Amino acid sequence: QVQLVESGGGLVQAGGSLRLSCAASGRTVSEYAMGWFRQAPGKEREFVARLSWNGGYINYADSVKGRFTISRDNAKHTVYLEMTSLAPEDTAVYYCAAYSAMVASATMRPGYWGQGTQVTVSS
């Protein structure tokens with residue numbers, strides 16, 4: 001089993017920044033690809049970013065490219081999402097996810113999910 005716990009969400013003004021963290025435990029999470037997803041009110045959950053087990057392969061949704069940065073520290077079993085130039089449309093619950101693979105393709109679905117952390121961007 002893999003447990004994922006997100007933190008770092010909150011309320012921020014448009015143009016501000018936040019850093020989300022995802023603490024992972026259980027099994028060998030350092031060998032799993034990891035990702036971030038988000039779900040806004042009334043919308044489906046959407047992909048934000050993913051990276052491979054060693055951070056060598058990284059993908060972003062077009063809507064966050066150039067503003068968000070995903071990274072990981074395998075020694076700390078933690079994945080981060082640095083978010084800058086936040087806009088009201090970034091308001092959502094952000095979920096950390098783990099894939100049962102070292103590298104995840106766009107068609108793969110995560111096998112594990114965290115509980116989510118709320119990010120609210122005020123205009």
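The values are calculated or read from the model by the stated rules, or taken from the named source; none is laboratory data. Everything numeric here is computed off the predicted structure, so don't read it as measured data. Cβ atoms come from the backbone with ideal geometry, glycine included; neighbour counts cover every protein chain shown. Heads up: the accessible areas ignore ligands, DNA and RNA and are worked out on the full protein's heavy atoms, side chains in. Shrake-Rupley method; radii C 1.70, N 1.55, O 1.52, S 1.80 Å.
Here are the numbers:
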item	result
Unmet requirement for S30, which otherwise passes all of (1) modelled with pLDDT of 95 or more; (2) closer than 20 Å to N59 by Cβ	(1)
Residue list for the range 6-31, restricted to those being of a type outside the set (G, A, S) and under 11 Å from the mean Cα position of the chain (by Cα)	E6, R19, L20, C22
One residue from G116, G26, G35 being touching a strand residue (DSSP E or B) at 6+ places or on another chain (Cβ under 6 Å) and free of Cβ contacts under 8 Å to residues at least 40 places away in the same chain	G26
Long-range neighbours under 6 Å by Cβ, at least six apart or interchain, first residue aliphatic (A, V, I, L, M) within the range 83-102, second open to solvent by 50 Å² or more (accessible area, probe 1.4 Å)	A87/A14; A92/Q39; V93/Q39; V93/Q118; A97/W113; M102/E31; M102/W53
All strands (runs of 3 or more DSSP E) inside the range 24-117 with 1 or more residues being surrounded by fewer than 18 Cβ atoms within 10 Å (Cβ to Cβ)	34-39, 46-51, 58-60, 68-73, 78-83
Hits in the range 33-83 - residues which are among the basic types (K, R) and either within 13 Å of P110 (Cβ to Cβ) or at pLDDT 95 or above (or both)	R38, K43, R45, R50, K65, R67, R72
Residue count, the range 54-76 (criterion: of a type outside the set (S, T, Y) and within 14 Å of the chain's Cα centre (by Cα))	11
Residue in the range 84-91 that is within 19 Å of S123 (Cα to Cα), at pLDDT 95 or above and of a type in the set (D, E, K, R) present	yes
